[in-house]
Structure formats: C-alpha cells, structure tokens
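The values are calculated or read from the model by the stated rules, or taken from the named source; none is laboratory data. Owing to the predicted nature of the structure, the values given are computational and were not obtained by experimental measurement. Glycine gets a Cβ as well: all are built from the backbone with ideal geometry, and neighbour counts include every protein chain shown. Protein only, heavy atoms only, side chains kept; ligands, DNA and RNA dropped before computing areas. Shrake-Rupley method; radii C 1.70, N 1.55, O 1.52, S 1.80 Å.
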Protein chains: 2
Amino acid sequence: MLMDDMGWGDLGINGQPSKETPNLDNMAKEGTLFTDFYSANPLCSPSRAALLTGRLPIRNGFYTSNYHGHNGYTPQHIVGGIPDHEILVSELLSSAGYTNKLIGKWHLGQQEQYLPLKHGFHEWFGSPNCHFGPYDDKTTPNIPVYNNTEMVGRYYEEFAIESHKYLSNMTQYYIQEALDFIERMERNEKPFFLYWAPDATHSPVYSSPMFRGASRRGPYGDAVMELDYGVGVIIQKLKQLGLDKNTLVLFSSDNGAAMIGSAFENGSNGPFLCGKQTTFEGGIREPTIAWGPGFVQQGQVSHQVGSLMDWFATALDLASIAVPKDRIIDGVSLLPVLNGAAEFDRPIFHYRGNALFAVRFGLHKAHYWTWTNSWEEYNTGITFCRGEYLANVTTHEQVNRTLDPVVFQLGRDPGEKHPMKSSTSEYKDAVMTMNSIVEKHMETLKPGQPQFDWCDDSVMNWAPAGCEKLNKCLPIPKSNLQKCVWPH
Amino acid sequence: MLMDDMGWGDLGINGQPSKETPNLDNMAKEGTLFTDFYSANPLCSPSRAALLTGRLPIRNGFYTSNYHGHNGYTPQHIVGGIPDHEILVSELLSSAGYTNKLIGKWHLGQQEQYLPLKHGFHEWFGSPNCHFGPYDDKTTPNIPVYNNTEMVGRYYEEFAIESHKYLSNMTQYYIQEALDFIERMERNEKPFFLYWAPDATHSPVYSSPMFRGASRRGPYGDAVMELDYGVGVIIQKLKQLGLDKNTLVLFSSDNGAAMIGSAFENGSNGPFLCGKQTTFEGGIREPTIAWGPGFVQQGQVSHQVGSLMDWFATALDLASIAVPKDRIIDGVSLLPVLNGAAEFDRPIFHYRGNALFAVRFGLHKAHYWTWTNSWEEYNTGITFCRGEYLANVTTHEQVNRTLDPVVFQLGRDPGEKHPMKSSTSEYKDAVMTMNSIVEKHMETLKPGQPQFDWCDDSVMNWAPAGCEKLNKCLPIPKSNLQKCVWPH
Ligand SMILES: [Ca+2]
Ligand SMILES: [Ca+2]
C-alpha cells in the first residue's frame, strides 16, 4: 500500500492532531511501526521505480542528467520510462507463480512499452501519470485510466475529478478493485501480489462525497480518512478470508508531504524539516507500517533505518526467491526485523536527481549538498520548506558541502535544527565514517541511462491502447523532442 | 501531574519518533487524550498560578507591568508571589476535607508567605524555584529543597545535580514521595489531592543513573523516560490499592518545549510553531491526558479546546465544591467531556505578560500581537523559533496587528504556516467573531496587582525556614529593591 505524497506526520499514531487514521493506528498496534523509514527519493516516479527494482534511481535510470541535482519525474510528455533490462519485483514474483495487480498510479512511464503489464503485472486498474488536469484534449490530453492493457476512460471525463471541490470517487474504485482482486485470488487459491497505489493525497487532493467534510483538516484530511477506511476494509477482508496468516501487508508513502500548495492540500511531515522535493527528513521520512500476524511481531516499534527499496528484497525473501546477482540491489530484506530480530546499521543514500545530497548511517545524517529551490523560484512564492529556515542549510543555492558536511544527530535532533559543531569529536568521527561509506558507494556506482532527459509532446496520452473502442483517440502531434526542463 | 517544559510532541502517542513513553501512551489508551489543550501561559510561574487559581495570570497578578508584553516568572530574587486573596484549588479542597501534597516545583514565590503550606497544601517536598545552578552561596544561594515547612538541603549540595552529566536522582525522590503519600492516604482512608510537579525536563535536564543513556534522544529523552516510568508506577499503585475507581489523574505540561538550548536539552513541540516564551502553538499547546476509569471514557481522543485552568474547575466539580462566585474564573469543568459529552466552543486567551497576544476560538486562532524576541537578543543567537521563520508572523519587533489580526485555521493548519488571506470571507467572519470575544473579555478585565515588577537580592533563599537546624543559613544582604528586568 503506497500512498502518494502522504507525510510522516499524517498518521494519528505519528502525532497528527486531527487523528484521522483509526485503521492505520490499529494496523500499527497489530504489527510493526517503523519510525525511521525512508522513501528512495523525494519525488514520485523515482521512488516508485526504486521500490519495484530495489535499486536507487541513479542506478535504474530514474533521474535526469540535464542539470546537477534537479528532481525529475514522469509527466506525460516524458520519453523515458522503466527500462526493460531492469528487473521488477513483479517480474520475479510472476516467475514464481504469483498473480500481480497494480491498482492506482504507475508513474514508471506512459509509453506502451513501459506500462505495468509489460513489466510483470497481470492486471492493472489505474493511470500511468498523476491526475493533474483538467486538460483540453487539444494541446494536452487528459490522463487515461486503464483496465489492464486498455484505457477505459480519462480523468475529468469518464473518471470525474472536481478538483475545485476536492471531489472524486477514485479511491472508492481503488478500494473495490482491491477487495475484488483479493476475493478472486482466494477463490482460485492463487498467491498474489497487490500493489495498491491510490493517489488521493497528491494535489489535486480528493475524496468521495461520503468522506468530503469528514475531517477537521479539510480536503487533505478527508482524503486521508478515506484511504484509512480503505486500509481498514482491505485488512478486514484478509481476516475474513483467513488470508491474514500468510499475507504480509506493507504501508508507506512515496515521498514526504508537499509544502507547496495551500493548507487545504498539504499533508504533515510532523516534526521533520521541509517537504517533498528535498532531501531533508520531511522530504523522505515516510509513515510506514508492516502487518501480517504470520510474519510480523505485534505491537513492535522499530527504529530500523529502512527504505522502500527494502520491500523489494523483503518480498523476495518471503517468497523464497533469490535476489538478482548480476546487479547491485540497494534494498535489504527486513523479514528478520519484522520477526523481532535486532536492528542493524546500514547506510541510506539520498539523491536528488543525479547528485548524492545526503547519507544516513546510524543516528547521523550528513548533507553533502544543501538546496531547497532557487532564489528565482522562491521569490515567486514557491517554497519546499514553508515556515522553516535554517542558515546555511535550507539554502537557495546549491551549496557543495563535501569538504564540510552538515551533520545532524537525528536521535536527539530529528527535526534537523541543530547542525553539529565541526569542532566536536562526534562530528569528526561521523564525517569520517560517512566519507568512507560514500567512497565505497561511489567506487561501485554505474549510473543508469537517464530516463528524464528527453521530453516530447508526441508521446503524451493522445491515443492509448483501447481508445478506438471508446472513440477517445486524439490526434498525435508531430514530434518535438527536446530536453526536459526541471526547475528544481 | 504537571511536567516542566515538556512539549506536545514529546509523547510517543503524539508522534515523538523515539517513542519513550509506553506508560503515558497506555494511559491515553485507557483514558482520554486531548489534542487541543493549552497551558495558561508560555512560561512556568504564570501557568502554574493559573492552574491552581483557575484564573488567567493577568487576573491573579502573575505578570509584569514593567514592559509591554514581556514574560516574567519567579526567579529567587522576585519580591512577588501568589497573593493571599487568590483562592487556590488546594485551599478549596482542603476546606472540603482533602489532604493536599505538592511534590516538586512550586514557582509561586519563594518568600515565606507565598510557600505552598500557606496556600492550602498540607505537605510539600520540593523546591520553590527552578533548579538552576550551581551557585556560590555568596552572591547567590543555591535553591533549597523543602520538606513541608522547612528546608532539608539545597540543590547542588545535599540534593546533587551534576548538570554537565545531566544526572540527578530528584525524579526518583519525587516518585517515591508520591507512592508513599498515596499509600498513606489510602491507609487513612483520606481523600487526597496530589500535585506532582517534577522538573527533570526543564533545563538543566537530568535523569538518574538508571535512566541516563536509555533513550535515543540523549539527556532530554532520558528525562522523559524516567518521568514516564514515574507515571507508570504511580498509576500502577492506584490500581493496586483499588484507588483507580475513584481517582482522576491528569497529565499535562506547564508550557511548550524550550528551543533555546542545545539539542541535548530541548524537547519537541511536534508540528507546532516555535516554543516556550511564545504564544504560537509550540509555546502553549500541551501534551495532555486524563485518566480514571470512574470518570474518564476509555480510549477517547478529545479535540476539546481546553486549558490548564480547566483542571481547577474540573477538580471542584468532581469534589462537588462550588466555584468561587466573587471573581472571574477562566477555567471551566471538563468533567462532562471526560465522560464523553460533546465538545463545546469556548475562547482561550493567550497573554504574554500584560498583553493579550492571541485568541483561540473554534478552529481559528487570531494573533493580535506578534513577537518572538528582540533583534538585539536574536542577534546574540537566542531564538524561540529555532529553524522556523514566517514573514510578518515570527517577528522580532512587537507588531500590533489589532486592526488586521494574523489568523490561522488550526484544523487544516495546526503548524501555523498559512496565514489566512484577509480578503476571504472566512477571515472576515473569524475576525469579527474574535473581535467581539476580545471586546467582551476586555470589558470585564480587572488586571491583578502585578507580581513580577520588583526584584530584590535580599528576598533570595538565603535563610529559609529550617536552615538553622542544618547550619545552612546564609547571611542576608541588604535590600536592593529594583524593577525586574525581563528581556523578552
Ligand atoms: Ca508522490
Ligand atoms: Ca516550564
């Protein structure tokens, strides 16, 4: 269960004052709550590609080389997508006899060769891109919703989103699809992998009329409540069908809550610094729960430093499938930790685009580059660190701190408010350790072919497969291949 | 149970990533967790005076008129203290047959006439002032620790605090005192009021050797863990003695976590803006739990807007004692809410010193004055809003916004990051409502005699009662009465 732009602080159990998540809070009590769990990137597409490949975006190609340290993702004019030579967890599980379904947002490329059914999924209900819009279907097509290999409509058309009212029924569809799939798999006694990826907490946020107005927080909180409801009924279904004994349920989010929008649309990163787009904790620390009475210790709180990429290795471990040996896999299996084994130290590398910005190891985090966004952008009112400012840390220039990293001790300073003094032995020791970790990492790093370098209006969702049946094919403009523009 | 400088975000259940409070988290599950509960002031003494009198500091005199909107408290050279004509909850409970004990910090004045046993308490173990020090006993005496009417030693002398190691056994003494008192009251079948006010989370923070190093957060987290342990054993004792059926236990803190110190000594205000000293949410929103199977609904989360002053009225309600009719009482009984009755709207007035800075009503909060601290002080490195900055909000001048209040909607924006646009009808309606609430408040306001205006070295703890028995009397210098200096 991968949420979209949901922040660490959005769960009741993580301190959201409005307490909108009774089902998730209960899931944590019945399972393991992770406090120190990270996305693989502060943006959707790279984070999702890393989740499914177990590899950093710099390896699987989900980055841009057009600029130093700029974020990229897969808007519908992106030419790239998930390369065929990447091995997805869905492909490995498929080979082992699992039936795999994606429900919700894909975001690994919208061209036909990149779609989920070409990459190990047997079923898909959802869309290849974000639900931005509405578009005019002339200069820009509305985003299609697929059922398996064919589109069944478009957002703002067959699949209504009233973004000015924060209304849509998509989450209800995604919940129903999940329940149907689980029931079907149980009837057929088939092992399954469900990748449930609703996007209601991504701007434009939405909820269905039943939930709209239900929370104290407004539209964003309403969306959280509906997703929490979905988590609740899915887990209830597993219990009803007796699948709770042999199913592992993982809940997390693809990046930190956005801070760019209005108070109606932004989630909460709790006590953490900044948000989506940044490599500060608010951009990458994720609300994370593991559940499954057969595999997960009940009521455990784990401070294990984890990454979305670990779910790749954990799923393979659970299914007794060997991890690919011909490439570097960044994720590690957390199955022992779920079972109550001791936590272990391991580094997590936080990239922004093609640049290693920060490393976490133990309780320390070293920032080798600091940046939020450019002065130019900031001066137009766009901020990724709303209400937050730390001199020489939340910088509006890219500052290279390789020779004097900014180090925080996240145990006593989870909010990254107290840069450690460089004169202390703790700082010196931490930097020495980090530098050697980084050196080792760099020695073996072979960046993948960057997928976010080229954009072209002709690759947009003009005429997805199935459009002809619906009479919804749009004329494809001529190619205008150009380097993608990534402002931050 | 009143903590000192503990922040809203310091409880596991309020999202502290280090999860140091299993007993408090459990207390909340067995009782009612308040999400929107306020101290009566962003500083110790005024907040505590308000708790015990049910009245705002501006009424009971716990403020200074030396400056506009400056905080004051009761350092040991303060001349003032709790006036005799104020009625404390301890006095009313005493008249009704309760035996009352204060364990921990008093902070309502250290001159003899102000001490707890002159104001309704029958027993006291603790100190009149903060545990700052060590002092030299020449220019400044170390703070005495009292047992009832007489001192039994001084901090840093008989009652060791190794502040450079963050070590002291005081919390263990306070826990033992509580257990002894409760057992004694139960044996004698006496109704009792225990005001448990340990101060280990106030700088210099400390814990006993058993807890030192136990938390991921360092000294501050260790102190939290020891206090949580104390809460646990006190509640366990009530259960063992069968007192859980007819005892109401309230847990809160006197003001928000301080942000002024090092990462070793600062607590967490979770997602809230700024900290101690300010009237932003981080300065005044408190971690609050009510427990007592006889009176409190189990597992309730209440968004009731509450104040420490409400415990005055709640205690009286519980004991069937009439609230004083000859004066304005700001607190209201929350007994019905504890029992599960519907939440109700009521304003909370947030003063800084002698000035009304902000008002909360419903989900809105209007700031009539904004200020953090002066540029002069800020430029020396002192900040109450570490890592936070919001233009025209976290100001370093006192800005009068009476004509255009800064309004936040705390439901969708608990962190006070999105000042509402003054062009919206929501803003206009909120301001109209707030202004009329303020107008009504001001009509009836008769400020009490300010207690924090005068300071004098001769009133310090040179020769507290009992000093002669211990041979610990120090020579009293001659009076040097002067206006107190309050920098912020
Ligand atoms: Ca996202
Ligand atoms: Ca305090």
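Data for the structure
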{"read-out": "Loss of accessible area when A meets B, both sides summed, Å² nearest 100, probe 1.4 Å", "value": "3100"}
{"read-out": "1.4 Å probe, heavy atoms, protein only - residues of the stretch B:236-277 losing at least 50 Å² accessible area vs chain alone", "value": "B:A263"}
{"read-out": "For B:P293, label point 7 Å along C-beta direction: distances to other copies, nm", "value": "2.6"}
{"read-out": "20 Å Cα-Cα reach of B:K237 towards aspartates and glutamates, excluding residues that sit fewer than 8 places from it in its own chain", "value": "B:D25, B:E30, B:E123, B:E177, B:D180, B:E183, B:E186, B:E189, B:E226, B:D228"}
{"read-out": "FRET efficiency for B:A214 and A:D429, using Cβ-Cβ distance with R0 set to 35 Å, rounded to 0.05", "value": "0.95"}
{"read-out": "Low-density loop cleavage sites - GluC sites (Glu not before Pro) in the stretch B:133-162, where at most 15 other Cβ are within 10 Å (DSSP)", "value": "B:E158"}
{"read-out": "Complex-versus-alone comparison for the stretch B:384-402, residues with a loss of 10 Å² or more in accessible area, probe 1.4 Å", "value": "B:R386, B:G387, B:E388, B:Y389, B:L390"}
{"read-out": "Per residue value of the accessible surface for the protein assembly as shown (all protein chains in place, 1.4 Å probe), Å²", "value": "34"}
{"read-out": "For the stretch B:226-266 versus the stretch A:19-41, the gap between their alpha-carbon centres in whole angstrom", "value": "25"}
{"read-out": "Phi to ³J(HN,Hα) by Karplus 6.51 cos²θ - 1.76 cosθ + 1.60 over the stretch A:328-337, Hz, x for Gly, Pro", "value": "7, 9, 7, x, 10, 5, 9, 3, x, 5"}
{"read-out": "Across the identical copies, how the A:T139 labels are spaced - nm, sorted shortest first, 7 Å along Cα→Cβ", "value": "7.1"}
{"read-out": "Separation between Cα centres of the stretch B:99-121 and the stretch B:398-412, rounded to whole Å", "value": "37"}
{"read-out": "Cα pair distances exceeding 15 angstrom across the stretch B:1-62, given as percent", "value": "57"}
{"read-out": "Stokes-Einstein D (µm²/s) once Rh is taken as the Kirkwood radius of the protein assembly as shown over alpha-carbon pairs, at 20 °C in 1.002 mPa s", "value": "72"}
{"read-out": "More than 23 Å apart - percent of Cα-Cα pairs taken over the stretch B:326-478", "value": "57"}
{"read-out": "Nearest residue to the symmetry axis between A and B, taken on chain A by its Cβ, in whole Å", "value": "A:G15, 1"}
{"read-out": "The stretch B:2-344 - Debye-derived log10 I(q)/I(0), Cα point model, q = 0.08, 0.10, 0.11 Å⁻¹", "value": "-0.33, -0.53, -0.65"}
{"read-out": "Other-copy label distances relative to B:P475, 7 angstrom Cα-Cβ extension, nm", "value": "10.3"}
{"read-out": "Sulfur and carbon atoms: percent of accessible area, the stretch B:2-344 [1.4 Å]", "value": "51"}
{"read-out": "Stokes-Einstein D for the stretch A:54-149, Kirkwood Rh over Cα pairs, 10 °C, 1.306 mPa s (µm²/s)", "value": "110"}
{"read-out": "Partners for B:K472 among lysines (Cα-Cα distance below 28 Å; same-chain residues under 8 apart left out)", "value": "B:K101, B:K105, B:K118, B:K138, B:K165"}
{"read-out": "Of the DSSP H helices in chain A, those whose Cα atoms cover at least 18 Å axially and whose Kyte score averages -0.5 or more", "value": "A:219-240"}
{"read-out": "Nearest-20 debye value, the stretch B:2-344 charge dipole, Cβ charges on Lys, Arg, Asp, Glu", "value": "220"}
{"read-out": "Trypsin sites (Lys or Arg not before Pro), loop per DSSP, at most 10 other Cβ atoms within 10 Å - longest free stretch of chain A", "value": "A:139-324"}
{"read-out": "Distance (nanometres) between label positions extended 7 Å along Cα→Cβ at A:E343 and B:K29", "value": "2.0"}
{"read-out": "In the stretch A:166-273, the GluC sites (Glu not before Pro) that fall in loop regions by DSSP, at most 16 other Cβ within 10 Å", "value": "A:E189"}
{"read-out": "DSSP-defined beta bridges in chain B - what % are antiparallel, rounded to 5", "value": "65"}
{"read-out": "Range of Cα positions in the stretch B:234-313 per principal axis (Å), largest first", "value": "43, 28, 23"}
{"read-out": "Residues in the stretch B:178-221 that a label on B:L241 would reach, taking backbone N under 19 Å of a point 7 Å out along Cα→Cβ", "value": "B:178-198"}
{"read-out": "The stretch B:351-444, accessible surface, carbon-and-sulfur percent (1.4 angstrom probe)", "value": "55"}
